[in-house]
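To start, the structure itself, in structure tokens.
The values are calculated or read from the model by the stated rules, or taken from the named source; none is laboratory data. These figures come from a predicted structure and were not determined experimentally. Because the Cβ atoms are built from the backbone with ideal geometry, glycine has one as well, and the counts that use them run over all protein chains shown. Keep in mind that these areas ignore ligands, DNA and RNA; they rest on the heavy atoms of the full protein, side chains included. Shrake-Rupley method; radii C 1.70, N 1.55, O 1.52, S 1.80 Å.
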Amino acid sequence: MLKPAVKRGWSMFDGYHDLQRRVADLEKRIENGVRKVRVKSYEGGKVVVEDDSGFVSAPIPQGSMSAGAWRIDAPAETGTQGLMFSDGDPANGVFVPMLPTQNAGNASTETGTMRLISPAGKVLTIDGDGFALEGDVKIQGRLDVSGAGVTHNGTNIGDDHKHTDVMPGPALTGPPV
């Protein structure tokens, strides 16, 4: 029968306990790697998130959608659901809002459509037909319009519009047609 090699001051029980500790640490890191969470509070540009197990994070940053120089930032409100990703240590986590709720469903369920909805209900829709805005629009800076035409309430107001009752001279014209 083979006898286990025993180092001075070390026993198999020490190795077993060390292995148990390492497995517990790995399980904790895996559990903390990705968590389904909701925002508990918003503190100084960071969010505190919680889950149904009783886990509550320290303030962590919220991720934003970005590609190159473009970035979309929309700070999450209390109750917003999403995922917390970390290297296993929640203090190094980041919150990504992304999961629909009863109060905030998917912005768009139509394939090929991107829809941004503001808290006030203003909507920007981008689809195969172009851009559509619902709500007041304020423009600061230049506005250049080019293309086939410009209309207002169905009336052509572009550079090729016509007026009724046009007469040569200084008199006013009738309304656009």
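Taking amide H as placed 1.01 Å from N in the peptide plane, T80 has its amide H under 5 Å from the amide H of V39, each at least 5 places away in sequence or on another chain. Of the residues I60, I126, ranked by 1.4 Å probe accessible area with the largest first, the sequence reads I126, I60. The angle separating the long axis of helix 12-33 from the principal Cα axis of greatest extent in the chain is about 10 degrees.
For K46, the aspartates and glutamates whose Cα comes closer than 16 Å to its Cα, not counting residues fewer than 8 places off in the same chain, are D73, E77.
Taking a 1.4 Å probe, which of M84, M167 shows the most accessible area, and what order do the others take after it? Walk me through the numbers on the way to the answer.
On the way: M84 0, M167 130 Å².
Largest accessible area first, the list is M167, M84.
Of (i) 1, 6, 9, 11, 11, 9, 8, 7, 6, 6, 5, 5, 4, 3, 2, 2, 1, 1, 1, 1, 0, 0, 0, 0, 0; (ii) 1, 9, 19, 22, 19, 13, 7, 4, 2, 2, 1, 0, 0, 0; (iii) 1, 8, 16, 19, 19, 15, 10, 6, 3, 2, 1, 0, which is the value of P(r) over Cα pairs in 5 Å bins from 0, in percent derived from the coordinates here? Read-out from the structure maps to (i). Taking the chain as a Gaussian network of alpha-carbon nodes connected by springs under 10 Å, the highest mean-square fluctuation of the residues V96, V150, V39 belongs to V150.
Result for the chain in a Gaussian network model with C-alpha springs under 10 Å: among G141, G93, G15, the largest mean-square fluctuation is at G141.
Please give the net charge around D51, taking every other residue with its beta carbon less than 9 angstrom from that of D51, where Lys and Arg add +1 and Asp and Glu add -1. Spell out each step's value before the answer.
Numbers: positive: R35, K36, R38; negative: E50, D52.
Around D51, the surrounding residues sum to +1.
If R0 is 25 Å, the Cβ-Cβ spacing of T78 and V123 corresponds to a FRET efficiency of close to 0.60. Secondary-structure-derived ellipticity at 222 nm for the chain, considering helices only, amounts to -4500 deg cm²/dmol, per-run term -39500 (n - 2.57) for DSSP H runs with n ≥ 4.
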